[in-house]
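Derivation of every value follows stated rules applied to the coordinates shown; laboratory data play no part. Worth saying up front: this structure is predicted, and the values here are computed from it rather than measured.
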């Protein structure tokens with residue numbers, strides 16, 4: 001009788017072990033499927049610890065009160081520390097999900113399949129194929145003013161810093177769709193039908209989408225041409241300054257010793273706010289210092305650089321340009337009423353009668369003039 005009971009007990013233990021293994025395999029498969037299905041297993045602490053409790057992963061605790069590691073289940077998963085949770089997340093990320101999209105590895109794949117050019121048509125809805133774990137970027141002819149996303153649970157819209165005519169779409173779930181309406185500053189309304197796929201899809205996702213609009217392009221070109229007719233535009237990267245051409249005054253004269261002629265600015269002009277000194281970065285890698293001469297003293301001035309222009313943020317009749325021991329004097333020349341006087345007196349590197357000009361003591365000393 002005892003032998004029969006012992007045999008039944010052993011059989012029961014074996015069945016329990018087999019059931020536990022099946023449960024572990026099912027949990028692992030469920031975790032992988034959830035990851036591929038767009039349901040993030042790393043979203044929150046509670047979700048992470050719940051997935052930990054349901055999976056085959058276990059963290060050994062040096063001072064654990066549980067001698068049986070299998071007892072570390074949903075009853076006590078709250079005891080995991082932040083450090084242990086981070087280790088758990090790293091182990092989950094390290095799983096090979098075999099979720100590579102094979103369309104990217106076909107022999108005929110050229111790399112252009114993920115870029116589309118769409119011609120804008122009024123009142124037409126355009127289809128955009130997105131893919132989970134990838135971003136789709138829409139680029140327009142004009143700046144985006146606002147947009148409406150139908151479902152913020154299945155999709156996320158990211159605005160791109162310093163690029164006002166583009167945005168990125170990121171699907172958060174697989175096999176969902178929604179609408180996206182975008183309003184641009186040229187009063188166009190762009191409507192899109194978005195749908196999400198995963199790595200198993202045979203079609204290539206749209207990663208870059210250019211929305212072309214010939215009418216908007218022509219209007220933009222005309223506006224830019226009109227702007228350039230009225231303004232001198234200085235720009236470098238995101239920095240941009242518009243100088244109204246009607247306000248530009250170029251009547252500046254430069255004075256320098258022969259040995260300091262290398263420091264002469266290529267161009268000097270001012271508008272009603274700033275004074276501009278042009279130095280080609282190729283010829284002048286080291287930017288000189290600019291000083292405004294006020295009461296015969298060199299006064300430091302706030303400056304900034306855009307492209308080849310050193311911009312002094314004020315206007316003044318006299319300036320000093322310095323670089324080491326080299327020195328250039330700049331003076332604004334009042335225009336004479338006599339029409340025979342040359343209009344452009346911008347550059348005059350040769351030294352002429354200095355004694356008639358009211359320079360500061362530093363100017364006169366450097367130029368060898370009597371004090």
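Rounded, prolate or oblate for the range 247-320? Axes are the square roots of the Cα gyration tensor eigenvalues, ordered a ≥ b ≥ c, and the cut-off for rounded is a/c under 1.5. Taking the square roots of the gyration eigenvalues as a ≥ b ≥ c, the range 247-320 is rounded. For the range 171-245, the Kirkwood estimate of the hydrodynamic radius, built from every pair of different alpha carbons, is 16.5 Å.
Quick one: grab the alpha carbon gyration tensor of the range 167-317, order the square roots of its eigenvalues as a ≥ b ≥ c, and give me rounded if a/c is under 1.5, else prolate or oblate depending on whether a/b is larger than b/c. Since a/c reaches 1.5 and a/b is larger than b/c, the shape of the range 167-317 is classed as prolate.
Measuring between their Cα centroids, the range 180-222 and the range 258-308 lie 45 Å from each other.
Classify the range 109-212 as rounded, prolate or oblate from the Cα gyration tensor: take a ≥ b ≥ c as the square roots of its eigenvalues, call it rounded if a/c is under 1.5, otherwise prolate when a/b beats b/c and oblate if not. Prolate, because a/c is 1.5 or more and a/b exceeds b/c. The gain in end-to-end length when the residue 143 to residue 121 segment is fully stretched comes to 6.2 nm, 0.36 nm per residue minus the alpha carbon separation. Bridges between two residues of the range 109-212, per DSSP, are antiparallel at a rate of about 60%.
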